[in-house]
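Let me begin by presenting the structure, written as structure tokens, before commenting on it.
What follows draws every value from the coordinates through simple rules; no lab data is involved. Because the structure is predicted, anything quoted here is derived from the model rather than measured. Cβ atoms come from the backbone with ideal geometry, glycine included; neighbour counts cover every protein chain shown.
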Amino acid sequence: MKPLINLAAPLLLAAAALSVGGCTTVVIDEYRRSTGELAVGDSVVILGRRHSSEYETEPDLIDCVGDTLHSPESGVNIIPEQQFVDALYPWFEPRKAPMHIKSLSKLMDIPDVRDRMEQYGVKYIVWIDGSTETTSSAGSIGCSISTAGAGCFGFGTWDKESDYEASVWDFRDQELSGKISADAQGTSYMPAIVVPIPLIARVQNNACKGMAAQLREFLLPPQSASR
Amino acid sequence: MNIWLYGLRTMSRLLAILAVVLLTACAHTVSVDGQFPTPVGNQHPLTVGVYLSDDFRQFTYSENRDDRDEWNINTGRAQKNLFETVLGSMFREAISLSQYPSDLPQGLDLVIVPEVRELQFTMPRETRVNIFEVWIKYDMHAYNQRGDSVAEWVITAYGKTPTAFLKSQEAALAQAINVALRDAGATLYTGFAQVPELQAFIANKQRALSMQEATSDE
């Protein structure tokens, strides 16, 4: 029983650390050209920009924003990204997707594409561009196994930065409704005393939550956003 | 003496097994088997035959360089699915041909024959960017019923996928290839009528069809 008791304390510490996590700061900026006009039956599609060869807007961030925003009871109906891109293949593929609202109106000249968009009841298309990167890291952790047991000792730390911009296109009025940017940064720590204890800063997740909250206010008419 | 001989034989066998294990440990096999959505848009008023050769249907890219592990990447099935889906929805009628150029069915405006010219890929450790990248180049040929060349054009496709936690290199590369194949399909679909020879061919066909309609109305 003794080894179990010895392990219990570090494991409890690790579990507590996971629930605490590292610190993250998120800054949200908004530029609004018109107020939200989502009506009953309207849908919103959230798409990631993937045309750059140096980075890729992460599909899990797009899913996170979509899942956080999706709330049919409060009037926000989100179409999943992959479902929408497949239904409109090949017009929203990374190298073919409209980069400007003017290109979107050109795309609507194709009757089948226009019909498909109307079937989905698309009111807003939200393009998210950006990524989360590890900007620096320091420290080291060493682990060893011997006949007496196994353990890790050391300390590691790394910084992550998220930089995203969401452009909101009003599909029906064919205009740019506004832009939201989310900058988040955080430092994660991993002290290791026998067991590594990760104190993870959930940078991308916090950027997602911040952006989703701001988008909700943006898309819904003023009186329903407060619901 | 016998003991020494026996020992030497056992050692050489063990070394041979070790060599085989080490060689196969560095070989990667990727088999891409994607399904692709049907394109949405206008159809060209043509009846085309589509010939996908056995080489194309079973295409495997093999690479064994000194500075890289051995890779065998089979994209045959996925690219067959892609070209059948995309070409099948691009035209008024598309007929899959089991052989070419013999025994062509009557009434074909064009026969389309794709070929893989090149496949390249990079791994994150080579580019220092956390992305797997793939480039595929296709040579496209369009022939008329008599077998004369109508047009030749090139499709270049690009696909990438970020490295993901707990995902194998093979799985990540297969995903990047699927993205590249989707890109190839998109370029084929949107670029077909922009090839000058094909643009003129489609315009002639449309003119002939409208004249035919006008004559039948009279």
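Rounded to the nearest whole angstrom, the semi-axes of the ellipsoid equivalent to the protein assembly as shown, taken from the Cα gyration tensor as √(5λ), stand at 48, 39, 15, largest first. For the range A:2-225, the Kirkwood hydrodynamic radius comes to 19.8 Å, computed from all pairs of different C-alpha atoms. So which aspartates and glutamates can A:Lys96 reach, going by Cα to Cα under 14 Å and dropping same-chain residues fewer than 8 places off? Output for A:Lys96: A:Asp86, B:Asp183.
Taking each DSSP H run with n ≥ 4 as -39500 (n - 2.57) and averaging over every residue of chain A yields -10000 deg cm²/dmol at 222 nm.
With all pairs of separate Cα atoms included, the range A:83-153 yields a Kirkwood hydrodynamic radius of 16.7 Å. Taking the DSSP bridge list for the range A:2-225 and keeping only pairs wholly inside it, about 85 percent are antiparallel.
Of all DSSP beta bridges confined to the protein assembly as shown, the antiparallel ones make up roughly 80%.
Pairs exceeding a 30 Å alpha-carbon distance, out of A:Lys123/B:Lys80; A:Lys123/B:Lys167; A:Lys179/B:Lys160; A:Lys209/B:Lys167; A:Lys106/A:Lys160: A:Lys123/B:Lys80; A:Lys123/B:Lys167; A:Lys106/A:Lys160. Residues A:Arg116, B:Arg125 in ascending order of nearby Cβ atoms (within 10 Å, fewest first): B:Arg125, A:Arg116. Placing unit charges on the Cβ atoms only, positive for Lys and Arg and negative for Asp and Glu, gives chain A a dipole magnitude near 440 debye about its Cα centre. Sorted on the mean count of surrounding Cβ atoms within 10 Å across their residues, most packed first, peptides A:102-114, B:138-150 read B:138-150, A:102-114.
Shielding value for A:82-93 is 5, the average number of Cβ atoms from other chains within 10 Å of each residue's Cβ. Among the cysteines of chain A, A:Cys23 have no other cysteine beta carbon within less than 4.7 Å of their own. Just to be sure I understand the curve: with the Debye formula and one point per C-alpha of chain B, what is log10 I(q)/I(0) at q = 0.10, 0.11, 0.12 Å⁻¹? Result of the Debye calculation: -0.57, -0.65, -0.73. Scaled to the globular estimate 2.2 N^0.38 Å, the Cα spread of the range A:123-227, given as radius of gyration, is 1.62.
Counting Cβ atoms of other protein chains within 10 Å of each Cβ in A:41-54 and taking the mean gives 1.
Across peptide A:58-68, the mean count of Cβ atoms from other chains lying within 10 Å of each residue's own Cβ comes to 1. Measure nothing fancy, just the Cα-based angle from helix B:2-25's long axis to the longest principal axis of chain B, in degrees from 0 to 90, nearest 10. With both axes taken from Cα atoms, the answer is about 30 degrees.
Secondary structure note: in chain B, about 65% of the DSSP beta bridges are antiparallel.
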